[in-house]
1. Filter segment A:85-103 for residues that are surrounded by 15 or more Cβ atoms within 10 Å (Cβ to Cβ) and of a type outside the set (A, V, I, L, M, F, W, C) and give the result.
2. Of (1) near the ligand (Cβ under 8 Å from one of its atoms); (2) more than 21 Å from A:Leu65 (Cβ to Cβ), A:Leu109 satisfies all except one. Which?
3. Looking at B:Val170, B:Val146, which one is touching a residue at least 60 places away in the same chain (Cβ under 8 Å) and either within 18 Å of B:Glu112 (Cα to Cα) or more than 16 Å from the chain's Cα centre (by Cα) (or both)?
4. Which residue, of B:Tyr234, B:Tyr318, B:Tyr264, is modelled with pLDDT under 90 and in contact with a helix residue (DSSP H, G or I) (Cβ under 9 Å, 6 or more places away or on another chain)?
5. What tally of residues in segment B:283-292 results from selecting those that are within 11 Å of chain A (Cβ to nearest Cβ) and open to solvent by less than 40 Å² (accessible area, probe 1.4 Å)?
6. Inside segment B:170-224, can you point out the residues that are touching a helix residue (DSSP H, G or I) at 6+ places or on another chain (Cβ under 7 Å), open to solvent by 10 Å² or more (accessible area, probe 1.4 Å) and within 15 Å of B:Ile121 (Cα to Cα)?
7. Of the conditions (1) part of a helix (DSSP H, G or I); (2) within 16 Å of the ligand (Cβ to nearest atom); (3) without any contact (Cβ under 8 Å) to a residue 60 or more places away in the chain, A:Ala22 clears all except one; give me its number.
Amino acid sequence: MAVLLLPVVKIGWDAATGGLGANPIEAVQNRLGFWTLVILALALVPTPAKDLLGVSWPQRLRRILGVTAFGYALAHFLFYVGVDKFFDWQTISRDLTRRPFLMVGFAALLCLVPLAVTSTDGWLLRLGYRRWKLLHRLVYVAAALAVVHFAWRVKADPTRPLLFAAVFALLLLARVPGWIRAARR
Amino acid sequence: MARWKPDLRGSEATPEETWLRRRDFLRLGAAGAIGAAASALPLPAGAGEDDPSGEVLPVARKLEMAGGEKPTPWKSVTTYNNFYEFGTDKADPAKRASGLRVRPWTLAVEGEVKKARAIGIEEILKMAPLEERIYRFRCVEAWSMVVPWVGFPLSELLKRVEPTSRAKYVVFETLLDKAQMPGQASRILEWPYTEGLRIDEAMNPLTLLAVGLYGRVLPPQNGAPLRVITPWKYGFKGAKSIVRMRLVEEQPRTTWALMAPTEYGFYGNVNPAVDHPRWSQAKERRLGEFFRRDTLPFNGYAAEVAGLYAGLDPRKLY
Ligand code: HEM
């Protein structure tokens, strides 16, 4: 699953070769945010892939995808704190209490924390599958908040956030047949 | 009203050689004596995107008005642009604007003036002696640069059309041409891009009608062939690729103020005390620097322009 680290490698490569443009800090911040969303969406593919297409091998990737998405989200946040704002706590605390675009981003990150923590087999056993599954539906809340974060950040052109919104909506829709089947059982 | 003092910091003007010298140095390293000899000649266009390129403009005098700060490199100034007519990504204008036809180009000046007329770009270029002015440039998005513009005070042009007593504002309109400006195909903003200044702001000696950059003609992505620069205001106030100026009595509706009235005001004055709803304006990132630096009221030009706003609520001046 080293593929999932390619975006980071690419950032490192571009940073070394001047490929990040005139404002590299902004570029890295945005790229980490973008890849968080992409990998989060990928983590939602395995289940409907099995339900609808009967393909079950992606199931094995679900955990690593989810945990990696959290890793990117955390990196995106830590980059904001440690590089973009350089530990300027006054500005950071004001940002996180006053600016809706950052508040929803932060809320999205907070939603992902319990999911990353309970991603282990031990936690799955401790919670029991039902409760674990219920908890992990939080991922949709996280995705929705993240899309809102993206949309509010954009100044004029909402195309890219709308695209992500559509992808997440489709992924949710793709689960409906599975739910119906489960309810019938 | 603040009086203009031409000798203010003009005597400290950074000579053109300062930024040319770096290139000479690089060439010396690369190609030895031949390179050194060649660098004495004007650089041909496209010699390398790191170096200033394009037709050289005759610059009559130089004013350094950025507190002695080093200009942001040419490459950054010409590849990091907000010019939504060519796309919303900052790299889009440099990639997509190169084909913009800037000759012939006509500027219509009309409205509350005694001598409304259409002026060709060649005439504009000869209207007044060209000056290099090194100004700070602060974007509303909290990044900034230092830019050696070439141009002359907008007042030089406005005087020639003789505004009437009813001329209270000047409206600037960017070219509307979907074929050349692919960004105008989507209705993310109301086209054509429209900006405006109060007449006293427009007549202020700091307000520049810019036709060049780094001693060369303005590249398309920076608003060729002519744009307005008001260094104490956020960058969006400076309309690019202008085809029309209208002098009017009422405060005009301007593009960003229409699009998001809670985020962008008519004045657009740089004001560290008034935050954008989505970020603080107290600090800015100067391109090329790691740490954010404090944003100055009126972007450091308070001495020249604060008098324009005497009696106005400073909280409204954003
Ligand atoms: C799951 C959580 C998150 C996701 C998926 C996410 C995603 C994104 C995306 C897609 C962008 C825009 C990229 C672009 O325009 O190209 C972005 C921008 C940004 N995000 Fe996040 N984000 C998350 C959490 C956060 C958090 C917790 C913070 C900080 C408190 C944050 C701070 C920012 C900032 C400051 C920008 C703008 C960067 C700039 O323009 O310089 N994000 N984010």
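1. A:Lys85, A:Asp88, A:Thr91, A:Arg94, A:Asp95, A:Arg99
2. (2)
3. None of the others qualify; the one that does is B:Val170.
4. Result: B:Tyr264 is the single residue among B:Tyr234, B:Tyr318, B:Tyr264 that is modelled with pLDDT under 90 and in contact with a helix residue (DSSP H, G or I) (Cβ under 9 Å, 6 or more places away or on another chain).
5. Qualifying residue count, segment B:283-292: 3.
6. If the condition is that a residue be touching a helix residue (DSSP H, G or I) at 6+ places or on another chain (Cβ under 7 Å), open to solvent by 10 Å² or more (accessible area, probe 1.4 Å) and within 15 Å of B:Ile121 (Cα to Cα), then B:Pro219 is the only one that fits.
7. Going through (1) part of a helix (DSSP H, G or I); (2) within 16 Å of the ligand (Cβ to nearest atom); (3) without any contact (Cβ under 8 Å) to a residue 60 or more places away in the chain one by one, A:Ala22 breaks only (1).
Residue-wise test of (1) on the phi > 0 side of the Ramachandran plot; (2) away from chain A (no Cβ under 14 Å); (3) under 19 Å from the mean Cα position of the chain (by Cα).
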residue: B:Arg96; (1), (2), (3): no, yes, no
residue: B:Leu100; (1), (2), (3): no, yes, yes
residue: B:Gly111; (1), (2), (3): yes, yes, no
residue: B:Met127; (1), (2), (3): no, yes, yes
residue: B:Arg133; (1), (2), (3): no, yes, yes
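The values are calculated or read from the model by the stated rules, or taken from the named source; none is laboratory data. A quick note: this is a predicted structure, and the numbers were derived from the prediction, not measured. Neighbour counts are summed over all protein chains in view; Cβ atoms, including those assigned to glycine, are modelled from backbone coordinates with ideal geometry. Ligands, DNA and RNA are stripped out before the accessible areas are found, and what is left, the full protein with its side chains, is counted by its heavy atoms. Shrake-Rupley method; radii C 1.70, N 1.55, O 1.52, S 1.80 Å.
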